[in-house]
Amino acid sequence: MLFSIKELELRKIRFDETFQPGEIVFPGTTLKQSQPLRAEGAVELLPHTAGEVRVKGSLKGAMAAECDRCLAEVQFPIDTPIDLFYRPASDLEADETEEVEIDDGEAEIAFYEGKGIELEQLIAEQVLLLLPMQVVCDEACKGICSVCGGNRNQIECKCQIAPADDRWSALKDLAS
Ligand SMILES: [Zn+2]
Ligand SMILES: [Zn+2]
């Protein structure tokens, strides 16, 4: 769904959209939706600004990602308010020689190009921001054994993964 600037010039747009798993692409991650994502709210062009747009509403659903250590699926419920400000990307170009000033006190500012703001892209970005950089099923997750490939949360293998072993074998190689 595209919120077109042309249309926003005429009126505020209300939205209530539900996206089934697979409808939104989350590039570069193992992330997938485990439930439909529902986005609702309103978009408006702010008066007395050079094309600044505010998107306000909420996002609900659930995502799943793989544990970085053991690859088990980890669930992330999503239930978050959205309050975003967008400026035309042409602002960025005009300011290229100077730092773009973004007030720390101000809400997040994003930029839109072309005809307007794509809801699917907005959702993908917001979801990625909500998730932790490192996904673990549990802080105590022992991960997968690099020797036998077993899930060390489920089986206690007897493999030795001490880096010192390598040094010993290197010494032995030298001695022989
Ligand atoms: Zn894990
Ligand atoms: Zn092992």
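A few notes on this one:
- For Ile13, Ile155, Ile144, order by how many other beta-carbon atoms lie within 10 Å, fewest first: Ile155, Ile144, Ile13
- Our estimate of slack between Glu44 and Ser58, defined as 0.36 nm per intervening residue step minus the Cα-Cα distance, is 3.5 nm.
- Applying the Karplus relation 6.51 cos²θ - 1.76 cosθ + 1.60 with θ = phi - 60° to segment 47-53 yields 3J(HN,Hα) values of x, 6, 10, 8, x, 7, 10 Hz, where x marks Gly and Pro.
- Taking a ≥ b ≥ c as the square roots of the eigenvalues of the alpha-carbon gyration tensor, segment 2-140 is classed prolate because a/c is 1.5 or more and a/b outweighs b/c.
- Number of Lys-Lys pairs in segment 2-140 with C-alpha atoms under 18 Å apart and a separation of 8 or more places or on different chains: 4.
Here, each number is a calculation from the coordinates, and none is a lab measurement. These numbers come from a predicted model, not from an experiment. As a convention, Cβ positions derive from the backbone with ideal geometry for all residues, glycine included, and neighbour counts pool all protein chains shown.
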